[in-house]
Amino acid sequence: MSDTNDLVQRYLGVWNETDGATRQAMLEEVFAEDAVYTDPLVSVRGRAGLDATISAVQAQFGGLVFSLGGTVDAHHDIARFTWHLG
């Protein structure tokens, strides 16, 4: 489970990274080239789409950071977790 916890922390780190070049490098480490991200407001495919989404979220919620809100629940290569933005 520690690998999954590490991955979730790295995932949140990507969302918190405000430097574009650093975020690009982190995206390459954490996400597959054809990664899909979907939430109620957006659905994107690929690192470029995800980077644009993260950039827009950061512009909307400047100064706020994502953090883990509890224990990571994982099995069968799927993880779910609660996060906070504050």
>> Testing the spin-label approximation: label points 7 Å from Cα along Cα→Cβ at Arg10 and Asp34. State their distance in nm.
In response: 2.1 nm
> For the chain, what's the relative contact order in percent, using C-alpha pairs closer than 8 Å and at least 6 residues apart?
Replying inline: 26 percent
> Along the Cα-to-Cβ line of Ala48, 7 Å from the Cα, sits a label point; which residues in the range 1-37 have backbone N less than 18 Å from it?
Replying inline: 20-29, 31-37
>> Suppose the Debye formula is applied to equal point scatterers at every Cα of the chain; what is log10 I(q)/I(0) at q = 0.11, 0.12, 0.13, 0.19 Å⁻¹?
In response: -0.29, -0.35, -0.41, -0.93
> Taking the Cα centre of the chain as origin and charging only Cβ (+1 Lys, Arg; -1 Asp, Glu), how large is the dipole, in debye to the nearest 20?
Replying inline: 260 debye
> For the range 1-48, what is one quarter of the convex hull surface built on the Cα atoms, given in nm²?
Replying inline: 3.8 nm²
>> So with the 1.4 Å probe, I'd like the accessible area per residue for the chain, rounded to whole Å².
In response: 67 Å²
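The values are calculated or read from the model by the stated rules, or taken from the named source; none is laboratory data. Keep in mind that what you see is a predicted model, and the values were worked out from it rather than measured. Backbone-built Cβ (ideal geometry, glycine too); neighbour counts: all protein chains shown. Note: accessible area is taken over every heavy atom of the protein model, side chains too, but ligands, DNA and RNA are not part of it. Shrake-Rupley method; radii C 1.70, N 1.55, O 1.52, S 1.80 Å.
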